[in-house]
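Have a look at the structure below, then the notes.
The values are calculated or read from the model by the stated rules, or taken from the named source; none is laboratory data. In this text the structure is predicted, and so the values were computed from the model without any measurement. No Cβ is skipped: glycine too gets one built from the backbone with ideal geometry, and neighbour counts run over all protein chains shown.
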Amino acid sequence: MRAFLFGLVLGLLIVPAGVYYYFASGSVPTASSAEAMPFEKVLARQALHARMEKEAPKSVGLQWDEANLTGGAEIYVKHCAVCHGLPGQEATPIAKGMYPKPPALTEGKGVTDDPPQESYWKVSNGMRLTGMPAFKGSLSDTQIWQVSLFVANADKLPPAAKQVLLRPLATSAPVGMSGTPTTK
């Protein structure tokens with residue numbers, strides 16, 4: 001019995017010490033270009049869905065109409081397209097450097113199978129471990145609902161909203177990075 005208890009105590013000490021060493025030694029892949037750790041995707045997805053189930057609104061805060069979808073397209077182009085892209089345009093350098101890769105929300109399936117309430121929660125709160133920021137403090141509730149309706153309906157937009165997406169994405173280089181020498 002004594003050997004069993006010793007083994008149990010030793011096991012309870014070795015596992016946390018091993019986990020601590022794994023993190024403290026720099027073995028954890030923390031670069032955005034690194035592959036996910038074992039079970040990282042599974043655990044993050046489970047936690048996200050459980051949290052959204054608790055907190056996501058139960059009803060949609062705005063009507064599905066051309067004005068709201070067009071407003072959502074404007075917000076999307078201004079705040080979201082740099083990561084999630086626009087139809088027919090190449091991914092931006094920001095999007096190419098992200099891990100996990102941000103989904104293209106205006107092409108293919110995207111999140112058009114998600115209810116707008118789920119997109120509302122994601123836009124409001126952001127998503128840890130994905131690069132998705134929270135917009136709760138920088139967009140109004142109406143704007144968050146508009147962009148949520150937009151992404152949920154990206155496959156069935158009215159012509160006015162589609163027109164907004166045809167504008168080229170403004171991806172200007174930072175000051176001094178245009179390829180031309182700067183003078184002081």
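Among residues of region 28-56 that are under 19 Å from residue 122 (Cβ atoms), those with a Cβ under 8 angstrom from a residue that is of a type in the set (Asp, Glu), sequence gap 6+ or separate chain, pair up as 52/118; 56/118.
Restricting 151, 123 to those that are in contact with a strand residue (DSSP E or B) (Cβ under 9 Å, 6 or more places away or on another chain) and farther than 16 Å from residue 67 by Cβ reduces the list to 123.
Every residue, every condition in (1) farther than 19 Å from residue 164 by Cα; (2) surrounded by 10 or more Cβ atoms within 10 Å (Cβ to Cβ), yes or no:
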{"position": "2", "(1), (2)": "yes, no"}
{"position": "23", "(1), (2)": "yes, yes"}
{"position": "55", "(1), (2)": "yes, yes"}
{"position": "73", "(1), (2)": "no, yes"}
{"position": "82", "(1), (2)": "no, yes"}
{"position": "91", "(1), (2)": "no, yes"}
{"position": "97", "(1), (2)": "yes, yes"}
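In summary, helices (runs of 4 or more DSSP H) completely within region 62-112 and bearing 2 or more residues that are in contact (Cβ under 8 Å) with a residue 60 or more places away in the chain occur at 66-75, 81-84. In summary, residue 62 fulfils each of the numbered conditions (1) modelled with pLDDT of 85 or more; (2) loosely packed, with under 12 Cβ neighbours inside 10 Å; (3) farther than 24 Å from residue 99 by Cα; (4) among the aliphatic types (A, V, I, L, M) with the single exception of condition (2).
Residues in region 57-71 that are under 19 Å from residue 164 (Cα atoms) and aliphatic (A, V, I, L, M): 67, 69. For region 101-145, taking the residues that are polar (S, T, N, Q) and within 23 Å of residue 88 (Cβ to Cβ), the one that is surrounded by the fewest Cβ atoms within 10 Å (Cβ to Cβ) is identified as 112.
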